[in-house]
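The block underneath contains the structure these notes are about, expressed in structure tokens.
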Amino acid sequence: MPDSSTALIDFLLDVGPKRLHEVDQVLLASSSSTTSYLATQLDRETLLLDNLSRGLKSRRNECSGLLRLPPEILGEILTLASRADPPHARALDSHGPRGADSRKGEAGHLGWVTLGHICRHLREHLLSLRALWAAIAFTLPNQRAEKEILRRAKDVPLVISLNDGYHTPLHHKDTAQKRFKDARVITIGDAVPQLSSYFWHFSPKDLKDMSFPLLEELTLKMFERVGPSQTHMKPDIYTLPPIDAPRLRRLALQDYFIPFNPTNLTSLELVYLFHPSDDELPPPAQFWEMLSGCLNLRRLSLESCLPDITLTTNEPSAAIHLMHLREVRIADTIDRARALWSHIRIPTSTNIELRLSATWGRATDSPGPEDLTSHETSFFRFITALAPHVRAAATTRPIYGLGAYDDVQDGDGAHFVLATRVPGAFFQDQTGPFAHDTEFMLAMSLTSPISTYVHVDIFNMLRRVITDYSLDAIDVFEFVNSHSYEESRVIETLQSLSTVRTLVLDSFPDLAQVLGVWNVVFSPSTPDHTRPLLFPNLHTLWLLEVSYTTDDEEEEALIRREFGDELEHSALSPWAQLAEGLALRSTRGARLQRLVVPVWHTNEKSEDASERMIVRLEEYVESVKVTFKIRKGASPGGGPYLHNPGAILNGLNLPGPHPFPMQGLLDF
């Protein structure tokens, strides 16, 4: 006996065509006035078939492996999907919401909400995940959408995020302030000063009479326009009782301070962008009391908020132990950051970022000659002060990579990173070997106001780092330099990195090549000067960005025609120097195995020229891996930095403000 599915298929195949034929015959034999009964009958038949079709489609969805997963697993999948595609309002430009369609602007981007449009099962499951709805209650600008989302969230604690970088309608204000007591997360302020003050008008004194029983995360980014001490930063603020938020775990304050109970915090960020005077900072005694209470911190970020602390060279009697810390970021003047470091003790597993400014960074007057002289010295002393911690950390977290960079855009300075391997970690929007499976155990930078032009000698810095941290066995060296140095100094410093197997340079052609760093690594010796072979174990060369067009090819051909093949290496075009430099290493028994170019700029007319250059490079390198980036229209050629030196930082593999793997990988 056939099963019901076979019977239904046979029935439809038999009866369906017959019924259509019957209807056609009736229509041919009847006048229009006598077909009303037929129309009614067909409506009933169509309705029954539609209901059957929808029912069958719904049951068909139940055959999906995804929908047959246990509810708790499907819920986890939908939660991950919601993070990947969150709803949001349309971004603002200078003329308001982008685009002329106002209705589309009001709707915004629905993100994961559209998963509920796929089938009934997914919709019902999404509706049951009330925490997802609670997290987006204030993301869409439409007021009706806000009410519906709040209805779906029911009594789940809310995420109130009024991020001014999006088109946040003002009607959110009243609803948000009424629901602060129901919030699990409050995030206010981002980029628009008027709106941050509009959404959050509470002074720190007002908060002492308010209660936030469900609050776990609070972020307040204020923008002072009339002087910080007039509102949020009066000295007596630091003596107020702590905010009543017993479940608060993560606190981030920008140009705003509220007293808090530090015991339960796992993340603390305190940022003063306006560089306040000492009168507007917490007094040292209260600062130490606050910090010593942060026993459970996993992440600490302090910027321009350190009071005048006394540096200690001995073991302090009351050192602050932050033994759960995973990440620490300190951005302040050299003297205050170093003084803080002398008083705290952290695990060797902690990732450290130090963004240091000149000692005179808080002064209103221009630095004097004695300040300029001590600028670099203070930086190097801090590097040495960190050595015991770095060496201890390296015993369990071996340092496999060193990155060294200078900075010609934001004022002269220097920057270095120490890389350690962490499988699964990654940096977003970065390229090169440090982009994946890497954390920076230490990222340290020093900048000075651009008006002072105090140059930090990157090779002095390198020698200090290599010596103090015993970096004589690293595998990867990433280097970006834009200043000219004596060749002998370059060679002396780089000779200590003989174990390097991967060299990463910012771009080609670049200023480093013009200024001689490239020459000491890849140029031949002269009869009067024998260069040692640097990086004798080099296996892979990364050029993070190159530019090559027919103009470069024609330039080299022109030079060859005009001057013949007997040119000195330094007189060759940059690309001819590259080819000869790679050939030189082959003749000296140090042939490269890999050349990697993650961004190879060319244009539509120059693809063949680029392919010819790659074939040429393959004569001297075992493997050449290139990712083309085709530019539309003409390109000047010759490399982005030779034609626009001011853009040298565009290709840097520098970490962002927080050089740690993406948030979410660590469970705070």
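Please treat every number below as a calculation from the coordinates, not as lab data. All figures in this text were calculated on a predicted structure; none of them were measured in a lab. Please note: Cβ atoms are built from the backbone with ideal geometry, for glycine as well, and neighbour counts cover all protein chains shown.
Output the peptides 69-77, 576-584, 208-216 sorted from most to least packed, where packing is the average of other Cβ atoms within 10 Å over each peptide's residues.
Working: 69-77: 11.8, 576-584: 19.7, 208-216: 15.6.
With the highest mean Cβ count within 10 Å placed first, the list reads 576-584, 208-216, 69-77.
Could you line up HIS483, HIS21 from fewest to most neighbouring Cβ atoms inside 10 Å?
Working: HIS483 17, HIS21 10.
Listing HIS483, HIS21 from fewest to most nearby Cβ atoms yields HIS21, HIS483.
Choose one of LEU268, PRO307, THR350: the residue whose Cα lies farthest towards the positive end of the charge dipole of segment 256-351 (beta-carbon charges +1 Lys, Arg; -1 Asp, Glu; about the Cα centre).
Selected residue: THR350.
Return THR384, THR239 ranked ascending by Cβ neighbour count within 10 Å, so the fewest neighbours appear first. Don't jump to the answer; show the numbers that get you there.
Working: THR384 13, THR239 10.
Fewest to most other Cβ atoms nearby, the residues stand as THR239, THR384.
Going by average Cβ density within 10 Å per residue, which order do the peptides 595-602, 23-30, 540-547, 551-558 take, highest to lowest?
Working: 595-602: 20.5, 23-30: 10.9, 540-547: 23.4, 551-558: 16.8.
Peptide ranking by packing, descending: 540-547, 595-602, 551-558, 23-30.
Cα centroid distance between segment 1-73 and segment 582-599, in Å?
69 Å
Among 259-270, 146-157, how do they line up by average Cβ neighbours within 10 Å per residue, starting with the highest? Each step should come with its number before you reach the end.
Details: 259-270: 18.6, 146-157: 15.7.
Top to bottom by mean Cβ count within 10 Å: 259-270, 146-157.
Taking R0 as 60 Å, what's the FRET efficiency between ARG561 and ARG68 from their Cβ-Cβ distance, rounded to 0.05? Walk me through the numbers before you get to the answer.
Numbers: r = 72 Å, r/R0 = 1.20.
Computed FRET efficiency for ARG561 and ARG68: 0.25.
Structure shown: which of LYS147/LYS181; LYS181/LYS205; LYS57/LYS154; LYS154/LYS221; LYS173/LYS221 lie over 20 Å apart, alpha-carbon to alpha-carbon? Numbers along the way, then the final one.
On the way: LYS147/LYS181 18 Å; LYS181/LYS205 17 Å; LYS57/LYS154 31 Å; LYS154/LYS221 28 Å; LYS173/LYS221 16 Å.
Exceeds cut-off: LYS57/LYS154; LYS154/LYS221.
With a 10 Å Cβ neighbour count serving as the proxy for reagent exposure, in which order, fewest first, do CYS119, CYS63 appear? Let's see the in-between values first.
Numbers: CYS119 17, CYS63 8.
Least crowded to most crowded, the residues run CYS63, CYS119.
In square nanometres, what is one fourth of the surface area of the convex hull spanned by the alpha carbons of segment 17-64? Don't skip to the end; give the middle numbers.
On the way: hull surface 15.9 nm².
One quarter of the hull surface, i.e. the mean projection, equals 4.0 nm².
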